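Below is one structure, written out as structure tokens; the observations come after it.
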Amino acid sequence: MKTKTMTDQLIYPDKDSLLRLMLNDGEVRVMMVRTTRMTQEAADIHQASDTATAAIGRVLPVCAMMGGLMKEEEGRLTVTIAGDGAGGRVTCGVQANHLKISVGNPQVELPRHQDDRFDVAGFIGRQGQIVVVKDFKGGEPFSSISHLVSGELGEDFAHYFTVSEQVPSLVALGCLNQDGVVLSSGGILIQAMPGCSDKTIAELELRIPFYANISREIYDRSLRQLATSWFLDFKPKILGEEEISLQCDCSREKMRRALAALGRADLQDMLDTGEPAQLTCHFCREKRSFTPDDIRTILKENQP
Ligand SMILES: [Zn+2]
């Protein structure tokens, strides 16, 4: 077993970030992300198995990139992967470069494939849905749904972008981890803009073997280094790099509102136990306690 201190030395020194670039004067949009640190943090929070960690290390990068596609600063994105796998439902929220993730059964471990890969598809499920909800301040939430294709996540999200958002897309996601230690996690999204030539698409597709190994590639290189070496022939123009991090937006006030929404009968039941009610956030696992007095106050405030 590797210790945490060793991990700090093993991890590439760059913070988690999202890099935006454009190829061939706007023919193609590319996003690349490193999510190594936040995958380790999420795995620690949820005491995740290695298979769950491998799944988290693929969901976080794709959600970070989807968040990066939302232009509105105030926008909030919620991605739910509801598959029939052993891991249960996975939900990821993104707002202003802050991500949070919850996993139904994070401690479930599955046997590895013969080639030693983690069974991410077994964890996520091969059947089910990806539900994406975009919430803009002041507007109606916009939601779209697509079906899982393989449960390996990269293909599933490529399908989502191509079918639900109607943008031809290549997606590669990857996580290198073992015995509770995350060595690297990241992803790349390549999208053909309207008017992109078939020649450009064909040339980008030829490079799929490079992208497919993204977790190994970003292990010891910066996103900028990778972008310039992979896309040298495509006139890469870097548009910016932003820091991204795992950060929950829960609060005592939000939990109080959730309690108030339970309804009087449930609150009365809690009160009858005479014990404080303990609520745990699904995303950051922080526990908050509400005393019988707190519950009485909530009941009083919500009198019909
Ligand atoms: Zn929280």
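The values are calculated or read from the model by the stated rules, or taken from the named source; none is laboratory data. Keep in mind it's a predicted model, so treat the numbers as computed, not measured. Counting neighbours? That spans all protein chains shown, and the Cβs are built from the backbone with ideal geometry, glycine included.
Against the numbered list (1) assigned to a helix (DSSP H, G or I); (2) within 16 Å of the ligand (Cβ to nearest atom); (3) at pLDDT 90 or above; (4) surrounded by 12 or more Cβ atoms within 10 Å (Cβ to Cβ), residue 253 comes up short only at (4). Which of the residues belonging to region 189-207 are in contact (Cβ under 8 Å) with a residue 24 or more places away in the chain and not in a helix (DSSP H, G or I)? 189, 190, 191, 192, 193, 195, 196, 197, listed by residue number. Scan region 208-242 for residues that are part of a strand (DSSP E or B) and either touching a helix residue (DSSP H, G or I) at 6+ places or on another chain (Cβ under 8 Å) or farther than 14 Å from residue 18 by Cα (or both) and the total you get is 4. Please determine, by comparing only the residues of region 261-304 that are of a type in the set (Gly, Ala, Ser) and within 30 Å of residue 104 (Cβ to Cβ), which one is farthest from the ligand (Cβ to nearest atom). Among those residues, the one meeting the criterion is 265. State whether one or more residues within region 104-124 are closer than 30 Å to residue 234 by Cα, charged (D, E, K, R) and in contact (Cβ under 8 Å) with a residue 60 or more places away in the chain. Checked against the condition, which is being closer than 30 Å to residue 234 by Cα, charged (D, E, K, R) and in contact (Cβ under 8 Å) with a residue 60 or more places away in the chain, region 104-124 yields no hits at all.
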